[in-house]
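Visitor: My questions all concern the structure below.
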């Protein structure tokens, strides 16, 4: 009697490994999207808190987000999502910051 694995057994093992790898890739992709969305929300919250401090000191909001650095925030962050323009929209009248990269990045 010969010892070893049959072709069917090897194909089953390879199939199981491929299925597990596929599940892992989907989970990794979802985790990455969630991390980007969370980071974007934290950035927007920091910007809004800096805008409130600026407004309390100066009586109005700055004309642009760059007016916050370096006194109220070390550096004006960008959305971590990979896009051509990953900066934030800013309304200088209301002081509201929104993400221009994607609609699901909201506070």
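Visitor: So for segment 29-42 (the condition being under 16 Å from residue 94 (Cβ atoms), modelled with pLDDT of 90 or more and not in a loop (DSSP other than H, G, I, E, B)), does at least one residue qualify?
Guide: First, the residues of segment 29-42 that are under 16 Å from residue 94 (Cβ atoms): none.
Checking segment 29-42: not a single residue is under 16 Å from residue 94 (Cβ atoms), modelled with pLDDT of 90 or more and not in a loop (DSSP other than H, G, I, E, B).
Visitor: Considering only residues that are over 30 Å from residue 29 (Cα atoms) and surrounded by 11 or more Cβ atoms within 10 Å (Cβ to Cβ), which ones fall in segment 67-90? Break it down into steps so the answer makes sense when it comes.
Guide: Filtering segment 67-90 down to residues over 30 Å from residue 29 (Cα atoms) leaves 67-74.
Within segment 67-90, 67, 68, 69, 71, 72, 73, 74 qualify.
Visitor: So for segment 3-13 (the condition being without any contact (Cβ under 8 Å) to a residue 12 or more places away in the chain and on the phi > 0 side of the Ramachandran plot), does at least one residue qualify?
Guide: Checked against the condition, which is being without any contact (Cβ under 8 Å) to a residue 12 or more places away in the chain and on the phi > 0 side of the Ramachandran plot, segment 3-13 yields at least one hit.
Visitor: Continuing with the same structure: Give me a count of the residues in segment 40-50 that are over 11 Å from residue 78 (Cα atoms), buried (at least 17 other Cβ atoms within 10 Å of the Cβ) and touching a strand residue (DSSP E or B) at 6+ places or on another chain (Cβ under 6 Å).
Guide: Matching residues across segment 40-50 total 0.
Visitor: Looking at this structure, is residue 55 surrounded by 10 or more Cβ atoms within 10 Å (Cβ to Cβ) and outside any helix (DSSP H, G or I)?
Guide: Values: surrounded by 10 or more Cβ atoms within 10 Å (Cβ to Cβ): yes; outside any helix (DSSP H, G or I): no.
Taking the combined requirement at face value, the residue does not satisfy it.
Visitor: How many residues, within segment 40-70, are without any contact (Cβ under 8 Å) to a residue 24 or more places away in the chain and touching a helix residue (DSSP H, G or I) at 6+ places or on another chain (Cβ under 8 Å)?
Guide: Final tally of qualifying residues: 4.
Conditions tested, residue by residue: (1) over 26 Å from residue 105 (Cα atoms); (2) in contact with a strand residue (DSSP E or B) (Cβ under 9 Å, 6 or more places away or on another chain); (3) surrounded by 14 or more Cβ atoms within 10 Å (Cβ to Cβ).
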{"site": "6", "(1), (2), (3)": "yes, no, no"}
{"site": "14", "(1), (2), (3)": "yes, no, no"}
{"site": "27", "(1), (2), (3)": "no, no, no"}
{"site": "38", "(1), (2), (3)": "no, no, no"}
{"site": "65", "(1), (2), (3)": "no, yes, yes"}
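Visitor: Give the residues of segment 58-75 that are within 21 Å of the chain's Cα centre (by Cα), closer than 13 Å to residue 90 by Cβ and outside any helix (DSSP H, G or I), sorted by residue number.
Guide: Once the filter is applied, which keeps residues that are within 21 Å of the chain's Cα centre (by Cα), closer than 13 Å to residue 90 by Cβ and outside any helix (DSSP H, G or I), segment 58-75 yields only 73.
Visitor: If you don't mind, another one. Can you find a residue in segment 94-106 that is part of a helix (DSSP H, G or I) and either at negative phi or loosely packed, with under 12 Cβ neighbours inside 10 Å (or both)? First the steps, then the outcome.
Guide: Keep residues of segment 94-106 that are part of a helix (DSSP H, G or I), which gives none.
Checked against the condition, which is being part of a helix (DSSP H, G or I) and either at negative phi or loosely packed, with under 12 Cβ neighbours inside 10 Å (or both), segment 94-106 yields no hits at all.
The values are calculated or read from the model by the stated rules, or taken from the named source; none is laboratory data. From a predicted model like this one, the values you see are computed outputs, not experimental measurements. Note: ideal-geometry Cβ built from the backbone for every residue, glycine included; neighbour counts use all protein chains shown.
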